[in-house]
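Colleague: Questions regarding the structure given below will be posed in turn.
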Amino acid sequence: MIVRVDRMCAGWNRAASRWDPWALTALYTGDAILFGGREGHAVGSTGIRDYFSSYQGVIESASLVLTEQELLETSATSLFTQGFCDFVFTLAGGRRTQSRLRSSWLLDWSSGRELIRAHHFSAIPEAPPLDSRSDR
């Protein structure tokens, strides 16, 4: 199972190395959902392509390393992986940044090709996000 995750990560990195929204979108199922670094969900191919396109002129390239992944086989043709990811971004003007995020992917290969069906990357909270009001 980890081989499938490694292959998907490598494909994602190839597309992100030149920040190609079309190539990135091609890694997702047509009905995929993505919860990334922008507000709201990106849903379906058009929504996901629009999401990646929204970073054109901002991100020149990115690379991703998945770490501490836990794998769960969800069916004969899908698996869920969750853990952390380390990003290195090259931004417009050549500035480099790094981020460590929580990561989740649902991979699906029922079409004969490994694709991402659900994607969620989010910041690691410094503390539990508990409301401090006493009426809750």
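The values are calculated or read from the model by the stated rules, or taken from the named source; none is laboratory data. Predicted, not measured: the structure shown is a model, and the values here were computed from it. Every residue, glycine as well, gets a Cβ built from its backbone with ideal geometry; the counts of neighbours run over all protein chains shown. Note: areas computed on protein heavy atoms with side chains; ligands, DNA, RNA excluded. Shrake-Rupley method; radii C 1.70, N 1.55, O 1.52, S 1.80 Å.
Colleague: Report Rg (one decimal) and Dmax (nearest whole number) for region 58-136, counting Cα atoms only, units Å.
Modeller: Cα radius of gyration and Dmax of region 58-136 are 16.7, 52 Å respectively.
Colleague: How much of the accessible area of the chain, in percent, comes from carbon and sulfur atoms when a 1.4 Å probe is used? Display every interim value, and only then the final one.
Modeller: Values: 4210 of 7930 Å².
Reported share for carbon and sulfur atoms: 53 percent.
Colleague: For a paramagnetic label modelled at 7 Å from the Cα of TRP22 toward its Cβ, which residues of region 49-74 fall within the zone defined by backbone nitrogen distances under 20 Å?
Modeller: Answer for this model: 49-62.
Colleague: With just the Cα atoms defining each centre, how far is region 64-125 from region 1-27? Give it in Å.
Modeller: Computed from Cα coordinates, the inter-centre distance equals 10 Å.
Colleague: Fully extended, how many nm does the chain gain between GLN82 and ILE124 (0.36 nm per residue separation, minus their Cα-Cα distance)? Intermediate results must be reported in sequence, preceding the final value.
Modeller: Working: separation 42, 0.36 × 42 = 15.12 nm, distance 1.31 nm.
Between GLN82 and ILE124, full extension yields 13.8 nm more.
Colleague: Cβ under 14 Å from THR77's Cβ, THR77 left aside: what net charge do those residues give with Lys, Arg +1 and Asp, Glu -1? The partial results should precede the final answer.
Modeller: On the way: positive: ARG4, ARG113, ARG117; negative: GLU73, ASP108, GLU114.
Local charge sum for THR77: 0.
Colleague: Then there's this: Taking the Cα centre of the chain as origin and charging only Cβ (+1 Lys, Arg; -1 Asp, Glu), how large is the dipole, in debye to the nearest 20?
Modeller: Working: 14 positive and 15 negative charges, 68 e Å.
It works out to roughly 320 debye.
Colleague: Give me the Debye-computed log₁₀ of I(q)/I(0) at q = 0.19, 0.20 Å⁻¹ for region 1-92, equal point scatterers on Cα only, no solvent, two decimals.
Modeller: -0.99, -1.10
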